[in-house]
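A short write-up of the structure that comes next.
The values are calculated or read from the model by the stated rules, or taken from the named source; none is laboratory data. These numbers come from a predicted model, not from an experiment. Every residue, glycine among them, receives a Cβ derived from its backbone with ideal geometry; neighbour counts consider all protein chains shown. Protein only, heavy atoms only, side chains kept; ligands, DNA and RNA dropped before computing areas. Shrake-Rupley method; radii C 1.70, N 1.55, O 1.52, S 1.80 Å.
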Amino acid sequence: MRLLLILLPLILFAKEATVKQLFNVQTTEVKKVQTSHSKKNYGYVKADEALTYTVSPRFSGYVVKLYADKRYKKVEKGDALVSVYSPEVYKAKEEYLNSYNYSKNRKNKGMLESAKLKLELLGVSPNEIKSVIKSKKVSQNTTIYSPVNGYIFSKSIMSGSAFSAKNKLFEIVNLDEVWVEAKILEDDLEWIDNARKFDVSFKSRPRTYSATSTLLYPTLDEKEATLTLRLRLKNQDNRIFPGMYATLISSSESQEYLTLKRTAVIRKNGKYYAFVVGDFQGEYEPIEIQTRELDSETYIVTGGLNVDDEVVDNALFMMDSDAQINGLY
């Protein structure tokens, strides 16, 4: 009897805790948020083809002095790349000087203009053409200059090399702007069409870059079922290099949504339901709602609920069983 009196309060306490736990229904509210969607993709940096230049002379000749003697050497526009001897250019410069001397006291300058045009069409620099008249003598050698700022990505000549007209002597790449090519799943095509912001980051760079324009290549990789998205990035400090691995975050424009936690939504027979708090305590009514995914923890509510509506946020399986028993579905 004494033992029963001791255990009775403990039994009553245990029952009270069980009741509280059983009816401890948690709720949450439908919220209005301003946010944007985003997706992550990966890609690689490539040189911009529009900023890649080939140096190919319009004449044949021989290398006298090679200034751009190393691959990946940085050059500025107007820097001397190579000094060459070309019999064709040497002869054209002599003709130009002779035409000048012949036409000095004559009104008809057609011969002189024709000789000058021939040098221009051969690709001789304007300064070198002027020096023929200024110095009144013809230099045996001709200098080829860099047409742009950039890096020597390839060269096909050495000191003393011979070359023919149209041979590619150098390939110069300007890196002030670069491309990032990212692989996009076919399922994400509509998303990419609607995305408005593209941010690109690199493991070795502390800042994030914004893409200025995009192009979706009109071809599909059949093996991977992916499309290629090309982004253009400003790279004024030339610290992004071809081959670097890039992370792309694409975002839609910021929009206003009604949102609800995933834990407050139950799916049944292909439809989505939430249990709305009723007018009386302990009363909950299942309501069909329309939703779509915002992220791994949140739904966007597109129908069935309004902002600040209060719904059940736990034990939905118990609510579901009770609703079926009471024929609320």
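Any chance you could run the full-extension gain for Lys91 through Leu117? It's 0.36 nm times the residue separation minus the Cα-Cα distance, nm to one decimal. The partial results should precede the final answer.
Details: separation 26, 0.36 × 26 = 9.36 nm, distance 1.38 nm.
8.0 nm is the gain from fully extending Lys91 to Leu117.
Projecting each Cα onto the charge dipole of the range 123-270 (Lys/Arg +1, Asp/Glu -1 at the beta carbon, about the Cα centre), which of Thr263, Ile249, Ser204 comes out farthest on the positive side?
Selected residue: Ser204.
Assigning unit charges at the beta carbon (Lys, Arg +1; Asp, Glu -1) and nothing else, what dipole magnitude in debye, to the nearest 20, does the chain show about its Cα centre?
Working: 47 positive and 42 negative charges, 719 e Å.
So the magnitude is around 3460 debye.
How many Å² of accessible area per residue for the chain, probe 1.4 Å?
Numbers: 20770 Å² over 329 residues.
Per residue, the chain has 63 Å² of solvent-accessible surface.
Quote the convex hull volume per residue of the range 179-298, based on C-alpha atoms, as a whole number of Å³. If you can, show how the numbers build up before the last one.
Working: hull volume 20.8 nm³, N = 120.
Cα-based convex hull of the range 179-298, divided per residue, equals 174 Å³.
Give the lysines whose C-alpha is closer than 19 Å to that of Lys261, dropping any in the same chain fewer than 8 places away, or say none.
Correct list for Lys261: Lys31, Lys32, Lys271.
Can you give me the relative contact order of the chain as a percent, contacts being Cα pairs under 8 Å and 6 or more apart? Each step should come with its number before you reach the end.
Numbers: 627 pairs, mean separation 81.0, N = 329.
Worked out over the chain, it gives 25 percent.
Please give, to one decimal in nm, the separation of the simple spin-label points placed at Val25 and Lys136, each 7 Å out from Cα toward the Cβ.
Simple spin-label model gives 10.9 nm for this pair.
Can you tell me the length gained on complete extension of the stretch Thr208 to Glu285, counting 0.36 nm per residue apart and subtracting the Cα distance?
Working: separation 77, 0.36 × 77 = 27.72 nm, distance 4.81 nm.
Here the segment from Thr208 to Glu285 would lengthen by 22.9 nm.
For the range 190-255 and the range 100-153, what is the separation of their C-alpha centers, rounded to whole Å?
The range 190-255 and the range 100-153 have Cα centres separated by 45 Å.
Which entries of Lys93/Lys166; Lys40/Lys234; Lys168/Lys234; Lys91/Lys134; Lys168/Lys203; Lys74/Lys116 show an alpha-carbon separation above 26 angstrom in the structure shown? Walk me through the numbers on the way to the answer.
Working: Lys93/Lys166 20 Å; Lys40/Lys234 20 Å; Lys168/Lys234 28 Å; Lys91/Lys134 18 Å; Lys168/Lys203 35 Å; Lys74/Lys116 32 Å.
Those over the limit are Lys168/Lys234; Lys168/Lys203; Lys74/Lys116.
Which three semi-axes in whole Å describe the equivalent ellipsoid of the range 227-329, each the square root of 5 times a Cα gyration tensor eigenvalue, listed largest first? List each step's numbers first, then the result.
Details: eigenvalues 407, 39, 25 Å².
Semi-axes, largest first: 45, 14, 11 Å.
With a 1.4 Å probe and all protein chains in place, put Leu260, Leu121, Leu294, Leu220 in order of accessible area, largest first. Each step should come with its number before you reach the end.
On the way: Leu260 0, Leu121 105, Leu294 40, Leu220 70 Å².
From most exposed to least exposed: Leu121, Leu220, Leu294, Leu260.
On each of the three principal axes of the Cα atoms of the chain, give max minus min coordinate, whole Å, ordered largest first.
Principal axes ranked by extent give 136, 48, 36 Å for the Cα atoms.
Largest first and to the nearest Å, give the Cα extent of the range 75-167 along each principal axis.
Over the range 75-167, Cα extents along the principal axes are 49, 25, 22 Å.
Based on the Cβ-Cβ distance of Ser159 and Lys39, what FRET efficiency does E = 1/(1 + (r/R0)^6) give at R0 = 51 Å, to the nearest 0.05? Write out the running numbers ahead of the final one.
Details: r = 53 Å, r/R0 = 1.03.
Rounded to the nearest 0.05, the efficiency is 0.45.
I want to verify the translational diffusion coefficient of the range 30-116 in µm²/s; compute it with Stokes-Einstein, Rh as the Kirkwood radius over Cα pairs, at 20 °C and 1.002 mPa s.
Numbers: Rh = 19.1 Å.
Diffusion coefficient, whole number: 112 µm²/s.
In percent, what relative contact order does the range 153-254 have, based on Cα pairs under 8 Å that are 6 or more apart in sequence? Let's see the in-between values first.
Working: 153 pairs, mean separation 35.2, N = 102.
So the answer I get is 35 percent.
Which value, in Å² and to the nearest 10, is the accessible area of Glu256 when all protein chains are kept and the probe is 1.4 Å?
110 Å²
Distance in nm between label sites at Lys234 and Tyr67, each 7 Å beyond Cα in the beta-carbon direction?
Simple spin-label model gives 3.1 nm for this pair.
So what is the orientation-averaged projected area of the range 116-191, using the convex hull of its C-alpha atoms, in nm²? Write out the running numbers ahead of the final one.
Values: hull surface 37.9 nm².
Mean projected area of the Cα convex hull: 9.5 nm².
Using the Karplus equation 6.51 cos²θ - 1.76 cosθ + 1.60 (θ = phi - 60°), what ³J(HN,Hα) coupling, rounded to whole Hz, does each residue of the range 153-159 give in order, writing x for Gly and Pro?
After applying 6.51 cos²θ - 1.76 cosθ + 1.60, I find 7, 8, 9, 10, 10, 10, 4 Hz.
Could you put Tyr44, Tyr53 in order of accessible surface area, largest first, with the 1.4 Å probe and the full protein assembly present?
Working: Tyr44 125, Tyr53 75 Å².
Ranking Tyr44, Tyr53 by accessible area, largest first, yields Tyr44, Tyr53.
Report the relative contact order of the range 62-195, percent, no decimals, based on alpha-carbon pairs under 8 angstrom and at least 6 residues apart.
Values: 182 pairs, mean separation 45.6, N = 134.
For the range 62-195, the relative contact order is 34 percent.
What residues from the range 240-262 fall in the zone where the backbone N is under 19 Å from a label point 7 Å along the Cα-to-C-beta line of Glu181?
240-249
Of all alpha-carbon pairs in the range 171-248, indicate the percentage at a distance above 20 angstrom.
The answer is 35 percent, as a whole percent.
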